[in-house]
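Working notes for the structure below.
The values are calculated or read from the model by the stated rules, or taken from the named source; none is laboratory data. As the structure is a computational prediction, the values presented were derived from the model and not from experiment. Using ideal geometry, Cβ is built from the backbone for each residue, glycine included, and neighbour counts are taken over all protein chains shown.
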Amino acid sequence: MEISVLKEFLFILGFSIVVFFISNKLKLPAVGGFLTTGVLIGPSGLGLISNPKRIELLAEIGIMLLLFTVGIEFSIEKLKEMKKSYWISGFLQIILTVFITALSLSHLKYPFSKGIFYGFLISLSSTALVMRILSDRKEIDSPQGKLSVGILLFQDLSFVPMIILTPVLAGRISLSLNTLITRFFLGILTVFLIIVVARKVMPYFLYLIVKTKVREAFLFSTLFVLIGMSFITSYFGFSLALGAFIAGLILSESEYSHLLYSDILPLKDLFNSLFFISIGLLLDLNFVWKEKFLVAEVFALISIVKVLIIFFVVKFMGFPLRIASLVSLSLFQIGEFSFLLSKIGNQYGLISKDVYQIFIASSVCSFIATPFVIEFSSLIFEKFPIQKLKILKPSKKEEKIGELKNHVIIAG
């Protein structure tokens with residue numbers, strides 16, 4: 001067994017190097033290369049990794065480690081600084097997506113509860129994928145980058161009540177107003193207690209570790225917090241990934257966060273790559289080919305609906321056409337939390353095995369398409385600026401730069 005696991009990691013690393021080299025030569029996004037690597041070595045490709053349980057484990061570990069690094073980068077203070085318009089945009093996007101999905105499926109004789117659950121799945125976009133692409137393109141601090149990140153963070157936080165409501169939608173728990181309110185606030189209270197206790201205890205704990213002046217002890221303590229938080233959230237019925245994200249947020253508040261980040265940074269790209277490769281492993285090419293037209297229809301329908309809803313919401317919030325277009329084309333894909341939620345829904349009977357496979361295939365297709373769509377949309381706006389087309393006058397929101405105080409300029 002040990003040799004088998006080692007062999008599979010060897011295949012992952014070897015094919016990643018080859019595909020990454022080809023992607024770099026062709027000037028294609030690295031994320032697309034990693035997803036392609038997963039497809040190539042997966043069960044429906046060359047079959048170098050064919051153990052379904054191991055694939056799911058790789059995917060879950062990949063998501064957990066990835067969201068831990070995302071949590072480190074976004075401190076709680078930074079979340080507070082997010083503009084209200086970003087949070088409102090995220091809220092409206094989720095509500096409209098869930099409502100339109102449920103209403104549309106009810107006309108196709110689907111139960112309204114299933115429609116709401118499918119709306120949950122579709123409403124979430126990929127924080128991991130979009131953040132990676134924006135980071136590679138140096139666009140996180142751009143207007144479209146900030147708005148995209150704001151919407152993504154709201155979606156990630158919305159994942160908590162979605163998990164809580166899933167058993168209710170499945171009929172495992174009686175559907176009543178008291179039940180909904182109780183379970184919703186139980187989830188919020190759980191997360192709140194974890195954060196408060198950790199923020200009170202963590203600074204002293206890290207201080208004692210740093211006093212040892214043993215760098216390895218600090219790294220081990222970080223992993224202890226990561227796995228501990230993941231275990232706690234999992235124990236309370238939430239996902240491991242949510243605990244990892246909370247652990248990252250908690251540690252980001254520490255005065256030693258810079259030391260932590262320097263230790264984690266070398267592993268960050270490895271975590272990212274592992275996640276994207278594990279998603280590629282989930283794609284069943286035989287199923288996709290057999291149901292190619294249905295998968296294409298679902299993929300196109302989900303993409304178009306999400307683009308239109310996000311575009312409408314961003315325009316409604318007063319942002320210019322260019323920003324609305326770039327943000328909507330960046331967030332059209334299905335999110336990594338949707339994979340976890342679909343797995344939970346499958347266990348509760350909210351989504352059948354065939355629908356689950358179609359959803360996974362459509363989702364992976366959206367993942368693979370995202371880097372190319374973002375690249376293409378940016379090129380279009382660079383070559384054909386909206387200002388030149390006289391569709392919209394330059395926005396004051398894009399031109400206005402806040403007054404700087406006590407700032408430092410670093411050149412070179």
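Some points to look at:
- Listed conditions (1) farther than 19 Å from T97 by Cβ; (2) free of Cβ contacts under 8 Å to residues at least 24 places away in the same chain are all met by E291, apart from (2).
- Helices (runs of 4 or more DSSP H) completely within the range 333-406 that count 1 or more residues being modelled with pLDDT of 75 or more: 336-348, 353-383
- Residues within the range 150-166 that are among the aliphatic types (A, V, I, L, M) and in contact with a Ser or Thr (Cβ under 8 Å, 6 or more places away or on another chain), tallied: 4
- Being more than 22 Å from S142 (Cα to Cα), basic (K, R), modelled with pLDDT of 75 or more and not in a loop (DSSP other than H, G, I, E, B) is a property that holds for K114.
- Elements of type helices (runs of 4 or more DSSP H) contained in the range 245-328, each with 3 or more residues being over 30 Å from R215 (Cα atoms) and either among the acidic types (D, E) or at pLDDT 85 or above (or both): 292-316
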